[in-house]
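Report on the following structure.
We did not get these values from a lab; they are worked out from the coordinates using the rules stated. Only a predicted model underlies this, so the values are computations on that prediction, with no experimental measurement involved. Cβ coordinates were reconstructed from backbone atoms using ideal geometry, including for glycine residues, and neighbour counts include every protein chain displayed.
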Amino acid sequence: MESIGVLLMCPMYSYLEQELQSRFNLFKLWQQPPSKITEFLKSNQRTIKAVVSNARVGVDAQLIDSLPNLEIVASFSVGFDKIDLKRCEEKGIRVTNTPDVLTDDVADLGIALILAVLRKICPCDGFVRSGKWKDGDFGLSTKFSSKPVGIVGLGRIGSAIAKRAQAFGCSISYHSRTQKPLKPYKYYDNIVDLAKNCSILVVACSLTDETRHIVNREVIDALGPRGILINVGRGAHVDEPELVSALLEGRLAGAGLDVYEDEPEVPEPLLRLDNVVLLPHVGSDTVETCNAMADLVLANLEAHFNSRPLPTPVI
Amino acid sequence: MESISVLMTCPPVHPYLVEALEKRFTLHKLDSVPDKPQFLSSHRDSIRAVVGNAAAGADAELIDQLPKLEIVSSYSVGLDKIDLAKCKEKGIRVTNTPDVLTDDVADLALGLMLAVLRRLCESDRYVRSGLWKKGDYKLTTKFSGKTVGIIGLGRIGMAIAQRAEAFSCPISYFSRSQKPGINYKYHPSVVDLAANCDILVVACALTPETRHIINREVIDALGPKGVLINIGRGPHVDEAELVSALVEGRLGGAGLDVFQDEPNVPEELFKLENVVLLPHVGSGTVETRQAMADLVVGNLEAHFLNKPLLTPVV
């Protein structure tokens, strides 16, 4: 299969890169100067049959159109909001992602963010390291156990978050496109009601046209000055300027964010707040999970080029 | 009851507790007394109750100086700063604050595990320093599914186990005796437990037997990929051994809420990115401290009204 051209959209994970390099004819898009990209794609368009993308860099219609022999897009992520699915479908291009293998890590991070925000773990750690503890105690934070948790999107990740939060005695409620009859949690058919009735709101749905800015001013107001927002979905789920002003003005008690509208840019004012925890999109960034995700990308590519059923197709 | 003298031996950090005590009793704060021996000598016949906490309680010396002492009410669940034998001898009642703080301490233990394994504080600093614009943060280690070994399966140990189970963590434990009816794997020694788990949590009471229960041998057994979490008491751990193990890479990481000599923390730990250091905040939430204060006051009131104590130890 060394003659099959695979285009890697950006640096992702060394293990994945090495395996792609040894199994295919690997092209690294970021090694091309921006001005030479069109030329580069044109001269290699016959060879390139696969694209490997991720949460950060996607595959738009323009790219798809410039690769006439493209057969499959394998994403090193579970989210596929950056892939033009419609265009892929039109052209019969398969698309795969990495569900399940990263569910635990993302759910773990969701809970970690809740604990870190409520119990002020990061400011406390800074307090000790700066020597300030010698001058007096830290001050009180807020209890997590038994607080009502509201989850937006009760898919694999949302369900895994719910399972964990329940062990902390939290009541779980959720909002999603449709009610899930097999789930024992309280359902709200709109997100504002969910926000009104919980202390901790967690975004865990996929990003689509409908869910863009699903957390807006109205939702933030409903969550209120004692509520906290946790985002392990996509930055675009949240109206970021509204979130920032709510936090600055004390209309929201705190936030735990792993994603932002324009990564790696993070709104400056947030960098000075101690009631937020800011992570650099590390939801699935553990060695164990990245290995599993990489293996899944490779398995999808191998299956496709050997005419076998794809392990984790989206389309 | 305003005429009853109560001595607070710990720093008067929480206004709610201080106010509640001042409303009902004549409260003396030992912390703000310039000449402690002189004060104790002139008040020896009036002080009938002591309120202490994790930092300061009632040792034999103090008890001997207060012949009218009837009750020691601790604003903590730990009793290691109270000379229980002496209290028993003299018929002095002792109360603490169990149950109301179990959730908070267990929550913090999980918070520490997640923060250490997923490098939460380091990642947050990475974003705030602008480093993310230069490149992604490195990969960390998965928490779910890791084996959690708990020392002490009392209220707090069990609460930690229940939470960790939701992350699919197999649970094993060590305690003075095996607990019947418990599904978790029992290990007859701490070294054995340490050798067979990924994350070792100290959640037992501090007694002469459990002092330095985490020593060099246990740390070696836990190993370079193991993580130690201490939400018990600083003296549970041989701190010097812990520091050298972390600095030399013989231990994978540590999440610590307690230290040998609070608020002093070994400075060698400050430059390590595989540790999370908290200033003894295990029960430090508004909700729980209020519940604890209510218990302290409730126990004192019950005693002086000749009613059954709410949460007696002795």
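Values as computed for the structure displayed
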{"item": "Per-residue ³J(HN,Hα) for the range A:47-55, Karplus 6.51 cos²θ - 1.76 cosθ + 1.60, θ = phi - 60°, Hz, x for Gly and Pro", "result": "7, 6, 10, 9, 10, 10, 10, 8, 5"}
{"item": "Cα gyration tensor shape of the range B:102-277, rounded if a/c is under 1.5, else prolate or oblate by comparing a/b with b/c", "result": "prolate"}
{"item": "Phi to ³J(HN,Hα) by Karplus 6.51 cos²θ - 1.76 cosθ + 1.60 over the range A:178-191, Hz, x for Gly, Pro", "result": "10, 5, 9, x, 7, 8, x, 9, 6, 9, 10, 7, 9, 6"}
{"item": "Mean-position separation - Cα centroids, the range A:1-60 and the range B:57-90, in angstrom", "result": "72 Å"}
{"item": "Counted charge near A:Ala107, where neighbours are those whose Cβ lies closer than 13 Å (Asp, Glu -1; Lys, Arg +1)", "result": "0"}
{"item": "Span-rule helices in chain A, defined as complete DSSP H runs reaching 18 Å or more along the axis (Cα) with Kyte mean at least -1.0", "result": "A:103-118, A:287-305"}
{"item": "Cα long-axis angle, helix B:15-24 against chain B (0 to 90 degrees, to the nearest 10)", "result": "20 degrees"}
{"item": "Net charge over other residues, Cβ less than 15 angstrom from the Cβ of B:Pro11 (K, R count +1; D, E count -1)", "result": "+1"}
{"item": "Listed pairs A:Lys186/B:Lys146; A:Lys134/B:Lys271; A:Lys163/B:Lys142 exceeding 20 Å between Cα atoms", "result": "A:Lys186/B:Lys146"}
{"item": "Packing-based ranking, highest mean first, of A:29-39, A:122-132, A:275-285 given that Cβ atoms within 10 Å are counted", "result": "A:275-285, A:122-132, A:29-39"}
{"item": "Whole-number Å³ per residue for the convex hull built on Cα positions in the protein assembly as shown", "result": "175 Å³"}
{"item": "Within the range B:102-277, percent of DSSP bridges classed antiparallel, to nearest 5", "result": "5 percent"}
{"item": "Ellipsoid equivalent to the range A:164-258 - semi-axes via the Cα gyration tensor, in Å", "result": "21, 16, 12"}
{"item": "Antiparallel %, DSSP beta bridges [both residues in the protein assembly as shown], to 5", "result": "5 percent"}
{"item": "For residues of A:254-267, the mean tally of beta carbons on other chains within 10 Å", "result": "2"}
{"item": "√(5λ) per eigenvalue of the Cα gyration tensor, chain A, largest first, Å", "result": "39, 22, 18"}
{"item": "Helix-only [θ]222 nm of the protein assembly as shown, DSSP H runs n ≥ 4, -39500 (n - 2.57) each, per residue, nearest 500", "result": "-10000 deg cm²/dmol"}
{"item": "For the range B:176-227 and the range B:279-299, distance of Cα centres in Å", "result": "28 Å"}
{"item": "Percent of beta bridges antiparallel (DSSP, chain B, rounded to nearest 5)", "result": "5 percent"}
{"item": "Shape call, the range B:27-133: gyration tensor on alpha carbons, a/c limit 1.5", "result": "prolate"}
{"item": "Reachable aspartates and glutamates from A:Lys91, criterion Cα separation under 12 angstrom, eight or more residues apart if same chain", "result": "A:Asp65, A:Glu71"}
{"item": "Under 5 Å, built H, 5+ apart or other chain: amide partners of A:Phe76", "result": "A:Ser53, A:Asn54"}
{"item": "Number of partner chain Cβ atoms within 10 Å, mean per residue of A:46-52", "result": "0"}
{"item": "Viscosity 0.692 mPa s, temperature 37 °C, Stokes-Einstein D of chain B from Kirkwood C-alpha radius, µm²/s", "result": "157 µm²/s"}
